[in-house]
Protein chains: 2
Amino acid sequence: MINKLVNRIKETNAPVVVGLDPTMVMIPECVQKKAFEQYGETLEGAAEAIWQFNKSIVDTTYDLIPAVKPQVAMYEQFGIPGMVAFKKTVDYCREKGLVVIGDVKRGDIGSTSAAYATAHLGRVKVGNNSFYGFNEDFATVNPYLGSDGINPFLDVCKEEKKGIFVLVKTSNPSSGEFQDRIADGRPLYEYVGEQVDRWGSELMGNSYSYVGAVVGATYPEMGKVLRKVMPKAYILVPGYGAQGGTAEGLKPYFNEDGLGAVVNSSRGIIAAYKSEKYRERFAPENFADASRQAVIDMIEDINSIF
Amino acid sequence: MINKLVNRIKETNAPVVVGLDPTMVMIPECVQKKAFEQYGETLEGAAEAIWQFNKSIVDTTYDLIPAVKPQVAMYEQFGIPGMVAFKKTVDYCREKGLVVIGDVKRGDIGSTSAAYATAHLGRVKVGNNSFYGFNEDFATVNPYLGSDGINPFLDVCKEEKKGIFVLVKTSNPSSGEFQDRIADGRPLYEYVGEQVDRWGSELMGNSYSYVGAVVGATYPEMGKVLRKVMPKAYILVPGYGAQGGTAEGLKPYFNEDGLGAVVNSSRGIIAAYKSEKYRERFAPENFADASRQAVIDMIEDINSIF
C-alpha cells in the first residue's frame, strides 16, 4: 500500500491528503436539511448528512489527490450510525481509487492491539469465514505502550500489505509536555523516531517502509531531525493551514526527490466555503467546488517549495 | 461517577473490575453454535455470540462486583455489528447498576479529543436534540499528546460527572521503552502521574478525583511511587493474574483505607472455565458459573492483603 501511495502521489503530483473530519457546523444547511427530512434530527440524520457531505467532496476532488484521511472520532461521536457513515466513507473512497488513511490513533498491547489492527487493516475470522471490519489502507497508531503495542500492527501490515503511521511528534501546542522530555540528552520523540525506523526496517516497499510517522507541520526544526532519523519512513504531516504550519516550513519533511512526506489539510479543504478566502466565490450549496479549488491552491502552495 | 464507583466498591467489598474482552476462542461452542444458527458465520453471528456470552457473565456476577471494563478493540474488530454488541453490553451493564469503564485508550487533540470524549462519555448535538454515542461511565485515555488531548475530556467529565483513567504506566513488558525514559533524573511516567494529579485537582468527587490513572500490576515498585505522586487518583490496575501480577504486589496501589485502587481481570474471569483451575469443576456450558467462582476467588485473594 505504501507503493500505491507513492505512485499516486507521483501521478497526481500532489503530496496532499484531504482530512475527512466533518462536524455538523461545517455541513451546509441544505445538506443537513435534506438528511433531517429523511431521518429526523437523530443520530441517523446526522450520519446521513456527514455521508452526503463527504461523498460530494470526494466526488469533486478524488481526481486531484492521492489519499484521504477520515478522522474516526468525528464519526464515533455519533455512535453506531456515525460508525456506519465512517465505513461507507472508507468503502467509497477505496472504490474511487483513493488511499484511505484511517486516523484512529489506536494503541494497546498484545491481543488488544492485534484486535485494533484487525479492526482497521485486517480480517477477523468467524467460523470458516473471514471479514474486514473497517478496512482502511493505513491506520495511525499511538506508540506510548511501546513495541508490544506496535508489533501486532506490523503482523497485520505484513499479511495485508498495508501500513501504519506512528505518532512521533504531534502538531499541537502541548505536544512537548511528554514528547519533548530530554532523556540522555535527546528528546523522547527522537527515540520514538528511531523505533519507527527499526519497526519499519523489515517491512519495506519499493523505496519506503510500510511504517510511516506522524510529525506535525508546526515543528519544522524537529521535522528536519526526524527526517534523518527515519530515512525510510513516509511522514504524514498534520497541522498545515488551520493549525499554523506553512508550506515553506514543510521543506525539511521531504527528501530531495520531492517524496517522503504527505501533508494533510482537513478544515482548510472541507470547510473551504466558510473561509474568508473562498466564501465570496462559493455559495454554501457549492461547498464541494470550494473544496476542489482549495485542493488546487494547496497543491500549488506546497509544490512551490520544490 | 467516581463517588458511585467508590460506594459500590465499599458495598461489594470488592476492589475488582471484570474485563469484558471476549474473543471467539473464549466463547463456548454451544453459545457460538446458537448464534451462528440464527445469523450464520457472519459478523452479525459473531457479535450475537459475544453479546450472549457477555450477558450470561454479567447476569451471574453483577451482584458481586462494582464495575466492568469492556475493551472496545475486541468489539471493533467485528466492524459495525461488533460495535453494536459493544453498545448493547455497555447499556446492559449500566441497567444492572454496574459502573462501566470503557477501555478505549483514545487520545487526540482539541476538537478531535472532544469528539472522542463526546463519543464515549458525553452527548452530541443534532439539530435541537442531543444523544449519547456509547455512554460509558469512565473511559481510558492515552496521554502522549499532552494536555491538549486531555482537557476536552475534562470538560465532558465535568458536565456529565463522569471520569477518565489516564495511561501512566502500562502492564506490558515493553512499556518501559518510552514510559521509563529518565528525564532530569525521573522517569517519564512520573511526569505523566504529576499531570494526572494536576488535571484531577479541579475535578474532585468526595474523596477521589474524576481523573484516575492506569498503572499495571506488573510494576509494584512504580505503583508505590505513583500512589504518592497522585494521592487523589483512583488507580485502575490491569495485569493481575494472566499477565503475572500477584495480590501481594498490589498492596502499594491502595491507600491505608483499602481504597484508591481497583484491579482488573479479564481472561482470568471470563475464560475461567477453560483454565486449569476451574475446567474440571465447570463444563463449557456452565462457563458463567465458573466466572462467578473466579470472581469470588479473586475478591478473596485481593482482600487477603489488607
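A few notes on this one:
- Expressed to the nearest 5 percent, the antiparallel share of DSSP beta bridges inside the protein assembly as shown is 20 percent.
- Between the range A:163-195 and the range B:195-268, the Cα center-to-center distance that results, in Å: 26 Å
- Rounded if a/c under 1.5, otherwise prolate or oblate - the range A:1-109, Cα gyration tensor axes: oblate
- Distance between the C-alpha centres of the range B:132-151 and the range B:107-122: 6 Å, rounded to the whole angstrom.
- Using θ = phi - 60° and Karplus 6.51 cos²θ - 1.76 cosθ + 1.60, couplings along the range B:99-113 (whole Hz; Gly, Pro as x): 7, 10, 9, x, 8, 10, 6, 7, x, 8, 10, x, 5, 6, 5
- Highest-fluctuation residue, B:LYS274, B:LYS105, B:LYS125 considered, GNM on chain B with Cα pairs under 10 Å: B:LYS125
- Magnitude of the charge dipole for the range B:57-96, about its Cα centre and with charges confined to Cβ atoms of Lys, Arg (+1) and Asp, Glu (-1), is about 100 debye.
- Once divided by 2.2 N^0.38 Å, the Cα radius of gyration of the range A:40-187 becomes 1.16.
- Shortest-first distances to equivalent copies, position A:SER207, nm, label 7 Å out along Cβ: 6.4
- Carbon/sulfur fraction of accessible area - the range B:1-95, other protein chains in place, 1.4 Å, %: 49 percent
- Here A:SER130 yields copy-to-copy label distances, from shortest upward, of 4.4 nm, the label point defined as 7 Å from Cα along Cα to C-beta.
- In sequence order, the range A:300-306 has phi-based couplings of 4, 4, 6, 5, 5, 7, 8 Hz under the Karplus curve 6.51 cos²θ - 1.76 cosθ + 1.60, θ = phi - 60°, and Gly or Pro positions carry x.
- Cross-link check: pairs B:LYS96/B:LYS277; B:LYS33/B:LYS55; B:LYS10/B:LYS96 evaluated at a Cα-Cα cut-off of 21 Å; pairs beyond the cut-off: B:LYS96/B:LYS277.
- Magnitude of the charge dipole, the range B:96-149, Cβ model with Lys/Arg +1 and Asp/Glu -1, debye to 20: 160 debye
- MRE, 222 nm, helices only [DSSP H, n ≥ 4, -39500 (n - 2.57), over chain A, to nearest 500]: -13500 deg cm²/dmol
- Nearest-0.05 FRET efficiency for B:ASP297 and B:SER201, computed from C-beta distance (R0 35 Å): 0.40
- Heavy-atom accessible area, 1.4 Å probe, ligands and nucleic acids excluded: residues of the range B:175-211 down by at least 20 Å² from chain alone: B:GLU177, B:PHE178, B:GLN179, B:ARG181, B:ILE182, B:ALA183, B:LEU188, B:TYR191, B:VAL192, B:GLN195
- Förster-model FRET efficiency, 35 Å R0, B:SER275 and B:GLN38, C-beta, rounded to 0.05: 0.75
- Calculated SAXS-style log₁₀ I(q)/I(0) at q = 0.19, 0.20, 0.28 Å⁻¹ - the range B:240-306, Debye, Cα scatterers: -0.72, -0.78, -1.20
- Whether the range B:155-298 is rounded, prolate or oblate, judged on the alpha carbon gyration tensor where a/c under 1.5 counts as rounded: prolate
- Selected from A:TYR189, A:TYR273, A:TYR144 as most flexible by GNM, with chain A as the system and alpha-carbon contacts under 10 Å: A:TYR144
- DSSP-defined antiparallel bridges as percent of all bridges, the range B:50-159, nearest 5: 40 percent
- Total accessible area lost when A and B pair, probe 1.4 Å, Å² to nearest 100: 5700 Å²
- Dimensionless Rg/Rh of chain A - Kirkwood Rh, Rg from C-alpha atoms: 0.96
- Here the Karplus curve 6.51 cos²θ - 1.76 cosθ + 1.60, taken at θ = phi - 60°, turns the phi angles of the range A:121-128 into couplings of 10, x, 10, 9, 8, 9, x, 8 Hz, with x standing for Gly and Pro.
- Shown is the FRET efficiency for A:LEU64 and B:LYS158, computed with R0 = 35 Å from the Cβ-Cβ distance and rounded to the nearest 0.05: 0.25.
- DSSP beta bridges in chain B [antiparallel fraction, %, rounded to 5]: 20 percent
- Per residue, the solvent-accessible area of the protein assembly as shown (1.4 Å probe, heavy atoms of protein chains only, all protein chains present) comes to 36 Å².
- Pairs from A:LYS158/B:LYS251; A:LYS4/A:LYS224; B:LYS69/B:LYS232; A:LYS232/B:LYS224 whose Cα-Cα separation, in the structure shown, is over 32 Å: A:LYS158/B:LYS251; A:LYS232/B:LYS224
- Nonlocal amide H pairs with B:ALA261, under 5 Å, H built at 1.01 Å: B:ILE235, B:ASN255
- With an a/c value of 1.5 or above and a/b larger than b/c for the gyration tensor axes a ≥ b ≥ c computed over the alpha-carbon atoms, the protein assembly as shown is described as prolate.
- Bridgeable aspartates and glutamates around A:LYS105 (alpha carbons under 17 Å apart, same-chain partners fewer than 8 residues away excluded): A:ASP21, A:GLU76, A:GLU136, A:ASP137, A:ASP148, B:GLU76, B:ASP103, B:ASP108, B:ASP148.
- For the residues B:ARG186, A:ARG281, B:ARG8, a 1.4 Å probe over the protein chains yields an accessible-area ranking, largest first, of A:ARG281, B:ARG186, B:ARG8.
- Nm distances between copies for A:ASP297, ranked from closest, using label points 7 Å along Cα→Cβ: 6.7
- Other residues within the sphere of radius under 12 Å centred on the Cβ of A:GLY185, judged by their own Cβ, net out at 0 (K and R +1, D and E -1).
The values are calculated or read from the model by the stated rules, or taken from the named source; none is laboratory data. Note that this is a predicted model, so its numbers are computed, not measured. Using ideal geometry, Cβ is built from the backbone for each residue, glycine included, and neighbour counts are taken over all protein chains shown. Surface areas here come from the heavy atoms of the whole protein model, side chains and all, with no ligands, DNA or RNA. Shrake-Rupley method; radii C 1.70, N 1.55, O 1.52, S 1.80 Å.
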